[in-house]
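The values are calculated or read from the model by the stated rules, or taken from the named source; none is laboratory data. Keep in mind that this is a model prediction, so the values were computed, not measured. All Cβ positions, even for glycine, are placed from backbone atoms using ideal geometry, and neighbour counts span all protein chains on display. The area values use the complete protein model at the heavy-atom level, side chains included, leaving out ligands, DNA and RNA. Shrake-Rupley method; radii C 1.70, N 1.55, O 1.52, S 1.80 Å.
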Amino acid sequence: MTQRILVTGAAGGLATLVRPLLACPGRVLRLLDIAPIPAPGPAEETVQASVADLDALRTACTQVDAVVHLGGLSTEHPGEQILDVNIKRHLLGAGGGEARRGTASAAREQQPRGRLPP
Ligand SMILES: NC(=O)c1ccc[n+]([C@@H]2O[C@H](COP(=O)([O-])OP(=O)(O)OC[C@H]3O[C@@H](n4cnc5c(N)ncnc54)[C@H](O)[C@@H]3O)[C@@H](O)[C@H]2O)c1
């Protein structure tokens, strides 16, 4: 069975490092970012959306085994944007917390909730 991992913030620095490490046969990476994702590979799906868009996140979480949550504002931004993107727990509301194998996060809105599959 194909395994699917959702990576948020997939165009960012950490995700760019992590993507090749997560890739393996039988696994699809679903890459979500508000910015365009450069050079997706054959086993990568792209979703251009905000982690603050609950409907888009719900769709992105469909059929997902695990979530690596790296999407967020890592530099200075207006308080309201920080609140919406980094503080509100949109991902959990969208079902990311119910991914079949768990959610790991470096983004500031939540703590790691599970282990990634080997
Ligand atoms: N780099 C570090 O050492 C470090 C350490 C601790 C925590 N973090 C956190 O880990 C996360 C990733 O870090 P990074 O260094 O890759 O940051 P980064 O800024 O390079 O990448 C963040 C990505 O999130 C995307 N993003 C921003 N707002 C978004 C939104 N509303 N919806 C979807 N995507 C959005 C950006 O487009 C960007 O591609 C950040 O939340 C950061 O605060 C990073």
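Once the principal axes of the Cα atoms of the stretch 3-105 are found, what is the range along each, listed largest first in whole angstroms?
Ordered largest first, the stretch 3-105 gives principal extents of 41, 27, 19 Å.
Before I look further, what does the stretch 3-105 give for accessible area per residue, probe 1.4 Å, in whole square angstrom?
Per-residue accessible area for the stretch 3-105 comes out at 51 Å².
Let me have the 222 nm mean residue ellipticity of the chain computed from DSSP H runs of 4+ only, each contributing -39500 (n - 2.57), with the sum over all residues rounded to the nearest 500.
That calculation yields -5000 deg cm²/dmol at 222 nm.
Of the heavy-atom accessible surface of the chain (probe 1.4 angstrom), what whole percent is carbon and sulfur?
56 percent
Looking at the stretch 1-96, which GluC sites (Glu not before Pro) are DSSP coil and have at most 13 other C-beta atoms within 10 Å of their C-beta?
Taking the stretch 1-96 and a limit of 13 other Cβ atoms within 10 Å, the loop GluC sites (Glu not before Pro) found are Glu76.
Would you mind giving the three semi-axes, in whole Å and largest first, of the ellipsoid equivalent to the stretch 1-52 according to its Cα gyration tensor?
So the equivalent ellipsoid measures 18, 12, 9 Å along its semi-axes.
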